[in-house]
Structure formats: C-alpha cells, structure tokens
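Everything below concerns the one structure shown next.
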Amino acid sequence: MGGFARLLMLISLVLGLWGCATPEPVKVETAPVERATFFYVGAMELPLKSAPEPGSSTAATVTLNERVQQVERRGSWFLVRSEDGRQGWANDRDLDLRPVSDLYVRRWGVSLRSEPQGSSKSLARLRTNDQVTLVEKNPQGWAKITVARTGNTGWLELKDLSLNKVAVRRVIRAKSGAGAAAPEAEETVESGATTPEAPPASPGVLAPKAAEAAPPPAKPATTPAPRKAKPGMFEPL
C-alpha cells in the first residue's frame, strides 16, 4: 500500500472519531406562551355584570365594537376587561370575534348629517330598515355610516341604529275633509236602502197638491153582464 493511501485512511479514521466525540445539542424546554383572547362588543350598549348571572348588578358599561380582553371563563360567561380598565362579566351571545359592520335604521325620517351634531347639514332622509355600513363611531354616541340604498356617507346617532331589522306596523288613517266619506255613508251605499228625493220647487212656483201631483189611476172598463130573463116574462106566440 502506498504512502498516499495510508494518509487517506488515517484522515478518514480521525474524522470518524471526531464525529463520534461531538456532543449532541442540548434541548431547552420553554414554557408555552399564553396568547390573550380578544372580543368585540356585539350590542349597541352592553352592561357588564358583577357576577356571571343575569340578575347581578352592573359593574361597567361598554358599547358597540369596543375591544375587550378575556380574563376568565365560566361556561357561557366571560370576565372581560376593556382597554381603559372597565371590567365585568358578559354572556357569549353579546360578544363577537369581529367588529360589527352591518346595521339598520330604526325609524323613518331621521336625517343623515354631514357632521356628528344635530345642527349640521342634512344629507338625506332615511327610511326604516335602511341597511347601512358602519365606518366609525365616536365617544359622543354618533356613528359614521354609508347608506346602501343611496350611497351617501354621513353621521347618525347610535340610538337610531339597530343590529337587526325592526318590525313595522302600518296604520291607515282616515282622511279628513269634505271629500272624505264617513264609514256610515259607505255602509248605507252598500245596503241600497236610500231612495231618490224629489227636486225642490223653484222660488215663486206653488207646489202641486198631492192629488194633482199624482192623480189616481183610472179604473179598467168592465163589460156589463147579460141580463137574465125572469120566468114567464116572454110568452110563446
């Protein structure tokens, strides 16, 4: 065996021994990081309870789309804390994983304002159950919305918005005035109980007497019955 081959064999042996002697990396176990769970308020105004019971007292109040952090959970109740430290219990039906964006107008004829104040310019008159998209809201109770029906964007008070469509009861009011017919008159026409009246007499003209106005009908002519002959009236010739 040549010298070069021996050198290669020696190098391979050294490298093999070096690999066996290399220590394995030490695995460091770290504690799992707990991630905070956040919710968004899914009610227009939500009272946070002092205990996980519906009849408990109110500890704080949060409004639509406020971001709250879960602190504790008991069944369907969550102890949540707002960003400014308000804390209390809320039921899961009033909490959402995403902010609420679709809302509906609660009443007819409210004005969409150019600014979040009642004295600002009116952009449009809204109808009951108009669907709107919530853009933002301010702490003063106003919401910036976009109306799907008209495309207008403006401000409306939160109290005039609802999470769901509202039930509408249509009331038909009777028209007032000389041209409106009363219900009693309609019933009279339907029954057909009325009779036409005679036209009034002209001024200065005497009204005819009842006998002259309506003479009695003539009696029908009758043919006299043949006269019966009495016995012995005519003698035979």
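The values are calculated or read from the model by the stated rules, or taken from the named source; none is laboratory data. Predicted model, so just to flag it, every value in this text is computed and none were measured. Note: ideal-geometry Cβ built from the backbone for every residue, glycine included; neighbour counts use all protein chains shown.
Which condition breaks for residue 90 when tested against (1) touching a Ser or Thr at 6+ places or on another chain (Cβ under 9 Å); (2) of a type in the set (Gly, Ala, Ser); (3) modelled with pLDDT of 95 or more?
(1)
Within the range 46-60, which residues are free of Cβ contacts under 8 Å to residues at least 40 places away in the same chain and of a type outside the set (D, E, K, R)?
Hits for the range 46-60 are 50, 51, 52, 54, 55, 56, 57, 58, 59, 60.
What are the pairs with Cβ atoms under 8 angstrom where one residue, in the range 75-99, is closer than 14 Å to residue 47 by Cβ and the other, located anywhere, is in a loop (DSSP other than H, G, I, E, B) and among the hydrophobic types (A, V, I, L, M, F, W, C)? Sequence gap at least six, or different chains.
Here the result reads 89/51; 94/43, each pair linking the range 75-99 to a residue that is in a loop (DSSP other than H, G, I, E, B) and among the hydrophobic types (A, V, I, L, M, F, W, C).
Quick check: anything in the range 110-122 under 23 Å from the mean Cα position of the chain (by Cα), in a strand (DSSP E or B), over 28 Å from residue 58 (Cβ atoms) and of a type outside the set (S, T, N, Q)?
Yes, there is a match, as at least one residue in the range 110-122 is under 23 Å from the mean Cα position of the chain (by Cα), in a strand (DSSP E or B), over 28 Å from residue 58 (Cβ atoms) and of a type outside the set (S, T, N, Q).
Evaluate the following for residue 108: is it surrounded by fewer than 18 Cβ atoms within 10 Å (Cβ to Cβ), at negative phi and touching a Ser or Thr at 6+ places or on another chain (Cβ under 7 Å)?
So residue 108 passes the test.
I'd like the full set of residues that are out of contact with any Phe, Trp or Tyr (no Cβ under 6 Å at 6 or more places or on another chain), surrounded by fewer than 19 Cβ atoms within 10 Å (Cβ to Cβ), of a type outside the set (Asp, Glu) and assigned to a strand (DSSP E or B), limited to the range 135-167.
If the condition is that a residue be out of contact with any Phe, Trp or Tyr (no Cβ under 6 Å at 6 or more places or on another chain), surrounded by fewer than 19 Cβ atoms within 10 Å (Cβ to Cβ), of a type outside the set (Asp, Glu) and assigned to a strand (DSSP E or B), then 135, 146, 153 are the ones that fit.
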